[in-house]
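Have a look at the structure below, then the notes.
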Amino acid sequence: MLKCREWQNCTKVSGMRIGKRGVFMNKKVLVISSSLRKNANSEQLAASFADGARAAGHDVEVVSLRDKEIRFCIGCFACQKTKRCFMHDDADVIREKMLHADVLVFATPIYYYEMSGALKTMLDRANPLYPSDYRFREVYALAAAAENEEHVPQRAFSGIEGWVECFEKAKLAGTLFCGGVTDMGEIKENPILQEAFDMGRKI
Ligand SMILES: Cc1cc2nc3c(=O)[nH]c(=O)nc-3n(C[C@H](O)[C@H](O)[C@H](O)COP(=O)(O)O)c2cc1C
């Protein structure tokens, strides 16, 4: 059972919870799930992470890139002056959510030893955040793949780390990989979901 009652009996005061164990800073967590198929393995990792963070008392929102229209960044760099993108599609809302989150979580299937194209496209379209007063300080990366070897998610994690490194106030705070899952929903019952929950609970 994925449950945690740690901060249940606390008083909530503008983003803080005051309980027996001291002051707890309530974080705004945005989880971006980038698999475009339903019942996706990486999406379930994301859901368990989100459940853990919620159980610890954080404000959590999960956004899926499924059914979203997000065009490729064309590299015009206009956003570096305007802090906006001249294109308007579903990236607008997601980028705005990214701007105001304390914690970002990216969940991706491994495609050819890399992150999904959907996630990469979203990260590129988040370029207006670079000159902005973004709030996020911690980023987590979750990945699922068919093969179950250590090297399988490394390029994806390294790509995400590269994105995070560009945002000097932020750091890659943790990664979690589930290998050995190919079909939709195959991750169900996998003990790694508990690890994802615990990771979310500990942020
Ligand atoms: C285009 C494509 C490329 C893939 N490349 C890899 C790969 O390089 N290594 C691997 O282990 N699995 C690979 N897979 C399998 C997926 O990573 C695996 O099915 C995973 O569970 C998908 O995650 P999801 O359910 O979150 O979408 C690939 C799947 C697709 C569709």
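The values are calculated or read from the model by the stated rules, or taken from the named source; none is laboratory data. Everything quoted here is computed from the prediction, not taken from an experiment. Neighbour counts are summed over all protein chains in view; Cβ atoms, including those assigned to glycine, are modelled from backbone coordinates with ideal geometry.
In this structure, MET122 does satisfy being out of contact with any strand residue (DSSP E or B) (no Cβ under 6 Å at 6 or more places or on another chain), in contact (Cβ under 8 Å) with a residue 60 or more places away in the chain and under 12 Å from SER34 (Cα atoms).
Just to check your reading of the model, which residue among GLU43, GLU69, GLU96, GLU61 is among the acidic types (Asp, Glu) and either part of a strand (DSSP E or B) or at pLDDT below 95 (or both)? Before you say what the answer is, go through the steps one by one.
Working: GLU43 fails: either part of a strand (DSSP E or B) or at pLDDT below 95 (or both); GLU69 fails: either part of a strand (DSSP E or B) or at pLDDT below 95 (or both); GLU96 fails: either part of a strand (DSSP E or B) or at pLDDT below 95 (or both).
Going through GLU43, GLU69, GLU96, GLU61 in turn, the sole match is GLU61.
Of all residues in the stretch 144-195, those being closer than 15 Å to PRO109 by Cβ, aliphatic (A, V, I, L, M) and in contact with a helix residue (DSSP H, G or I) (Cβ under 9 Å, 6 or more places away or on another chain) number 9.
Screening the stretch 162-195 for residues that are under 17 Å from the mean Cα position of the chain (by Cα) and without any contact (Cβ under 8 Å) to a residue 12 or more places away in the chain and picking the one that is farthest from the ligand (Cβ to nearest atom) gives GLU165. Scanning the stretch 132-184 for residues that are in a helix (DSSP H, G or I) and among the small types (Gly, Ala, Ser) returns ALA156, SER158, GLY159, GLY162.
So which residues in the stretch 90-133 are within 16 Å of the ligand (Cβ to nearest atom), more than 15 Å from VAL29 (Cβ to Cβ) and among the hydrophobic types (A, V, I, L, M, F, W, C)?
ILE110, MET115, ALA118, LEU119, MET122
Among the conditions (1) farther than 25 Å from ALA146 by Cα; (2) of a type outside the set (Val, Ile, Thr); (3) in contact with a strand residue (DSSP E or B) (Cβ under 7 Å, 6 or more places away or on another chain); (4) modelled with pLDDT of 95 or more, GLN80 misses just one, which is (3). Among the criteria (1) without any contact (Cβ under 8 Å) to a residue 40 or more places away in the chain; (2) surrounded by 15 or more Cβ atoms within 10 Å (Cβ to Cβ); (3) of a type in the set (Val, Ile, Thr), the one THR108 does not fulfil is (1). Checking each residue in the stretch 22-39 for being over 15 Å from the mean Cα position of the chain (by Cα) and either closer than 10 Å to PHE106 by Cα or among the charged types (D, E, K, R) (or both) picks out ARG37, LYS38.
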